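First comes the structure, then the notes that go with it.
Bear in mind that the values in this text are calculations on the coordinates, not laboratory data. In this text the structure is predicted, and so the values were computed from the model without any measurement. As a convention, Cβ positions derive from the backbone with ideal geometry for all residues, glycine included, and neighbour counts pool all protein chains shown.
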Ligand SMILES: [Zn+2]
């Protein structure tokens, strides 16, 4: 009984048809904008009364909400949770948890989340197998459904049944604040008017800071609610950054959607790297530094980071190395463990590329990685973090559970610079080929694909 997040696609609010007046762009397609999107136009965007969903979610529509006779709200600061009769305590707990999560995100990033969030806590027999993640918003009030199976007693169970939502909700609220809250940071988003697409190349920063906030939120609640409730959606930040490298900086809202998976992770990896290299609080420092700037595009952000930390961000990324072992992994969820008869927590090995360090070390499919250099790991993200810490060493010892026994496999991590021609996590040819062509992705919304087993 758990939800598995499989796909988190793109940001619905930034795909809205903004009424942007362009003055200097003469070509169609994607052009770098210097000053075409003015502050007043950004404010116009804020004032729009729109519905963020492009596709109706199967269970939650304005009509279906009206029929659910929701009571409430149970409120905590700007978060209101509307609930079915009898769920008031549960709703209060959800509001309190999210409030705590948002506080942690604010603290980590310096992004002020001022928006009002409206949660619909809906009691169902079974949460739906899939629905689109989309925030409905009207006059800066954002709405989002959470499902609670009949008999659900605790906020932790609610969040388990709505996988990764702590992270993703925090991500959304943070990103919206970044592009629309003038007292926060004047980060320009990518916009489209007619056939003209204006790219400000801030997406790496918007997504990176937003995911960074999401991780801080999940981290904050993990002790209270348990790891299943605080599921992390982007689990290969470092390997993605090593794969994507500086092409990350040309990612924009209208890039080929195939680039998104890697770039979402890589943008988080970059923010982690910055925090790691320049000290705790560095991400916050950048956000605060950007407040004194006007019209922050990708270049302005890069310049700001270079100046603040006396660094060369592009070089930092180019020089970044992460051990590529030739190992495909999946999270071993409780359901998967049950199905496979594996009584442990860890990262499940699903693929071993021949002639790579993983193959040489003797990995086998269905091995469960339970520790790296003695440090326990419970998911792919833990493995990546542990391997990053091991970068620079010759070898890493990875402990796997195989059948009823455990064994240590010694892996050559010195070949970190090896460039495999294919990404390991996603299969298929390399997708890290730089910015894609502008194309119409008007139908895209978040997709949350939930599987219940
Ligand atoms: Zn986003």
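Among 88, 345, 125, which comes first, second and so on when ranked by fewest other beta-carbon atoms within 10 Å? Don't jump to the answer; show the numbers that get you there.
Details: 88 16, 345 19, 125 7.
In order of increasing Cβ crowding within 10 Å: 125, 88, 345.
Can you put 402, 394, 118 in order, fewest other beta carbons within 10 Å first?
394, 402, 118
Among 106, 324, 206, what is the fewest-to-most ranking by other Cβ atoms within 10 Å?
106, 324, 206
How large is the convex hull of the C-alpha atoms of the stretch 249-371 per residue, in Å³?
Hull volume over Cα atoms, normalised by residue count, gives 171 Å³.
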